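Visitor: First the structure, then my questions, so here it is.
The values are calculated or read from the model by the stated rules, or taken from the named source; none is laboratory data. All values reported here derive from a predicted model rather than from experimental measurement. All Cβ positions, even for glycine, are placed from backbone atoms using ideal geometry, and neighbour counts span all protein chains on display. For the accessible areas, the whole protein counts, side chains as well, though only heavy atoms, and no ligand, DNA or RNA atoms are used. Shrake-Rupley method; radii C 1.70, N 1.55, O 1.52, S 1.80 Å.
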Amino acid sequence: MAPEEKGDESNRIPINFIDAEDESGMTEEPASNSSDSEVSAASDGGDEAGMFEVQPSDNEPATSKDGGTGELPPLTGGPEVAELVATRAELKRLETAVKELKEALTRRQADFENYRKRTERDRLETYHRLVADITKKLLPVLDNLKRALEAEASVEASESDEFRHFLSGVDLIYKQLNGVLDALGVKPVPAEGERFDPHVHEAVVTELTDEFEPDMVMQEIVRGFRIGDKLIRPALVKVAVKK
């Protein structure tokens, strides 16, 4: 008996072929040809489920965590930034300290200059007061010497040589005493030919005359002296008045 012929195996469908559409109800999508991203499957040991990770391409801009794109934000922390902030704060503090020191130095210099001027003024006033007190005691002696020289000048020609030598010695003492007062800063008060000044002159005699203008000093009777702005003694004078 002839063996039963089998049908054409080429027309048969293998039993192990399962149509993807019948098995899952989904048609297999073609592989993406996009060059923007690459898909790589990562397997964990023998786990059958694959994990996919999207790797950004070189042309794709960086994406932030919140979905936005753009440049990376500037550094807001780190030891370098903290050190820079601390340095700036220290520099600001030093600038403020230097400014305060300069202001304090300026005040100290002004105080010292005021103190120096005040001390110099007090010293000068004390010096003038002491010299004025000594001069007041010497002025009567100076006046007597001057009177003696004026009185003997008229009879000098008829006196002996010894008396003339004596008058020369008196005149020398008078000049030396005036030189001492001048060295101490004591100056005579201008009088004759000056306009009468009640601050430095004292009128003891008045005369009606047309030779001088009114209120002009005609003659100095007693010489006055002053030291600096301090009047030691006023000049006693004769003053002209209008007829």
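Visitor: Between GLU152 and ARG129, what FRET efficiency comes out of the Förster formula 1/(1 + (r/R0)^6) with R0 = 51 Å and r the beta carbon distance, rounded to 0.05?
Guide: 0.90
Visitor: Right, another one. Express the relative contact order of the range 90-233 as a whole percentage, based on alpha carbon pairs under 8 Å and six or more residues apart in sequence.
Guide: So the answer I get is 24 percent.
Visitor: Label the range 137-243 by shape, choosing from rounded, prolate and oblate, from the square roots a ≥ b ≥ c of the eigenvalues of the Cα gyration tensor; if a/c is under 1.5 it is rounded, and otherwise prolate applies when a/b is larger than b/c, oblate when it is not.
Guide: Here the range 137-243 falls in the oblate category.
Visitor: How far is it, in nm, from the label point at ARG118 to the one at GLU202 when both lie 7 Å from their Cα along the line to the Cβ?
Guide: Rounded to a tenth, the inter-label distance reads 3.6 nm.
Visitor: So what's the gap between the Cα centers of the range 197-243 and the range 168-185, to the nearest angstrom?
Guide: First find each Cα centre; the distance between them is then 24 Å.
Visitor: At 1.4 Å probe size, what's the solvent-accessible area of GLU202? Round to the nearest 10 Å².
Guide: 90
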